1. Give the angle, between 0 and 90 degrees and rounded to the nearest 10, that separates the Cα long axis of helix A:37-46 from the longest principal axis of the Cα atoms of chain A.
2. Would you mind listing the distances between the A:Thr26 label point and the same position in each other copy? Use 7 Å along Cα-to-C-beta, nm, one decimal, shortest first.
3. Report, for A:Asp80, each distance to the same residue's label point in the other copies, shortest first and in nm; define the point 7 Å along Cα→Cβ.
4. Please report the residue of chain A with the smallest beta-carbon distance to the A-to-B rotation axis, and give that distance in Å, no decimals.
5. Just to confirm the filter: which GluC sites (Glu not before Pro) across the stretch B:22-93 are DSSP coil and have at most 14 other Cβ within 10 angstrom of their Cβ?
6. Do any residues of the stretch B:76-105 show a loss of at least 50 square angstrom of accessible area between the isolated chain and the full protein assembly, using a 1.4 Å probe, and if so which?
7. Distances from A:Gly47 to the same residue in each other copy, label points 7 Å out along Cα→Cβ, in nm, shortest first?
8. Over chain A, what is the relative contact order in whole percent, taking alpha-carbon pairs under 8 Å and six or more residues apart?
There are 2 protein chains.
Amino acid sequence: MNDNWLSKVNWAADGLVPAIAQDASTGRVLMVAWMDREALKRTVELGEAVYWSRSRKKLWHKGEESGHTQRVREIRLDCDSDVLLLQVEQDGGIACHTGRASCFFTRLENGQWVEIDAVLKSPDEIYRKKS
Amino acid sequence: MNDNWLSKVNWAADGLVPAIAQDASTGRVLMVAWMDREALKRTVELGEAVYWSRSRKKLWHKGEESGHTQRVREIRLDCDSDVLLLQVEQDGGIACHTGRASCFFTRLENGQWVEIDAVLKSPDEIYRKKS
């Protein structure tokens, strides 16, 4: 297939758009990361989410270290063509680097941000070096 | 309440963060817009979503023209403190300016973006001038 579909995305000046990962079975919003053209192309080719890491300035195959890959079931684009929405199967049930199911574990309650979701697995355990 | 909670948000250089509106009852992701500090503050005060319109460069009380306001039931912040997730009750069941339930009505199918969701109400009808 040709790459015309990639050009339909309204990439920002920095070449990126936000990509929401939503759990395909529960509907829970798991995380938001960023994609550039290459990340989106690789995501489609691989069938697993590949993002652009703004901090590390490189492509990031989600789960490459943690094992928590995201099998992509569907990709949607919004009406302005500048946000992507992915339906994913989250391997291990953990999307967040803190070891929580979702990165959105902090809720506003009476003028305070409160962390309300449990850590399912310690980050030390998730990211421990292979011996 | 004081405004410390507003300073916990990791506003980007342009003063904005993306805000996802998710239907509180169905879990459907309705739209992504942007908020600045004032938009988030007003959202909390009003109990309805107020965004920053990047195109019009002003605060935008969602539904001010269309009537499709969003009653905000919950606000969450992600682990990097730079994305907001709102659980909303979408008035009229239409979040998109195209008259669709969600702005994410376009799906990638075999290398093509295909509009798959129905228009529930014509934009002409939604935005018609008051006589």
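1. That helix lies at roughly 80 degrees to the long axis.
2. 2.1
3. Here A:Asp80 shows inter-copy label distances of 1.8 nm.
4. Taking Cβ atoms only, the nearest residue and its distance are A:Gly27, 2.
5. Sites meeting the loop and neighbour criteria: B:Glu64, B:Glu65.
6. So the qualifying set is B:Arg76, B:Leu77, B:Cys79, B:Phe104.
7. 4.8
8. It rounds to 21 percent for chain A.
The values are calculated or read from the model by the stated rules, or taken from the named source; none is laboratory data. No experiment lies behind these values; they were computed from the predicted model shown. All Cβ positions, glycine included, derive from the backbone under ideal geometry; neighbour counts span all protein chains shown. Ligands, DNA and RNA are stripped out before the accessible areas are found, and what is left, the full protein with its side chains, is counted by its heavy atoms. Shrake-Rupley method; radii C 1.70, N 1.55, O 1.52, S 1.80 Å.
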